[in-house]
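Derivation of every value follows stated rules applied to the coordinates shown; laboratory data play no part. What you see is a predicted model, and the numbers here were worked out from it, not measured in a lab. Note that we place each Cβ from the backbone using ideal geometry, even for glycine, and neighbour counts take in every protein chain shown.
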Amino acid sequence: MKGTNRRRGFTLIELLIVISIIGILATLGITTFPIIKKEVNKMKSKSNLSEMYKLLMIYNMTYHTYPSMQPKNTMYTRGGGVRDLYPLYQTSIMNKDALQLLRPPGCALIPFSNNPTPDEFNKEHIGYSYNSTVVPDDSSNPPLLAERGAADGLLKKDEKPVFEDGIHILMCNGQVKFIPSLNGRLQPGDVTSADQLGKLLE
């Protein structure tokens, strides 16, 4: 009949083209998602270290030192690793919510209890390494904090590093630097020395 509108459906070829395009887009999404997620996690970890620097500076301005559980006569020669961060929580400079800053994204860790004890400040609960032997106001200081896994200039798999291609370190001037690794060896350049990075191993 003349003037009748007939609705034309999709042909088989058109449907196949649409399905192929959807398949390509889905494949691209699946392959790029882990890369994007990794970069987001790196940004979050870097942010955690920047926020930790603020808390450490508050502690430093209040007590004229960095947090430590060590006796005063040995605190600059012998550190206790992340356990030495407990005074941040003990003095309420770091509250319960801020403890999340010690947990890099994507890192499998045991949650803190409702009332954390010094024994919970360990590598099962915390994904960073801490160097409590740093002397305040010394420009030659090694890093304060770093993502765990660095030892003697190496990124050691048995230490369960947060990222496989390097670590973020928090310098005493507040800068957070990413130190890439090549075949497991960290490439610090002029940022810091392998010896200093080794001091961040618990």
- Task: Starting from the Cα of Glu51, step 7 Å along the direction of its Cβ; do the same at Gln90; then give the gap between the two resulting points in nm.
- Result: 2.4 nm
- For the residue pair Asn114 and Thr11, what label-to-label distance in nm results when each label sits 7 Å from Cα along the Cα-to-beta-carbon direction? 6.9 nm
- Note on the structure: Mean projected area, convex hull of alpha-carbon positions in region 40-198, reported to one decimal in nm², is 8.8 nm²
- Note on the structure: The long-range amide H neighbours of Ile179, using H built 1.01 Å from N in the peptide plane and a cut-off of under 5 Å, are Ile167, His168, Ile169
- Note on the structure: Taking 165-172, 177-184, 77-84, 144-151 and ranking on average Cβ neighbours within 10 Å, highest first, one gets 144-151, 165-172, 77-84, 177-184
- Note on the structure: Taking the dipole of region 40-198 about the Cα centre (Lys, Arg +1; Asp, Glu -1; charges at Cβ), the one of Ala146, Phe112, Pro87 that reaches farthest to the positive side is Phe112
- Counted neighbours (other Cβ, 10 Å), sorted fewest up, put Ser68, Ser129, Ser113 in the order Ser113, Ser68, Ser129
- Query: Short version: ³J(HN,Hα) in whole Hz for each residue of region 168-181, in order, from phi by Karplus 6.51 cos²θ - 1.76 cosθ + 1.60 (θ = phi - 60°), x for Gly and Pro, what are they?
  - Reply: 8, 10, 9, 7, 5, 8, x, 6, 10, 10, 9, 9, x, 10
- Task: Using per-residue counts of other Cβ atoms within 10 Å, averaged over each peptide, order 120-126, 158-164 from highest down.
- Result: 120-126, 158-164
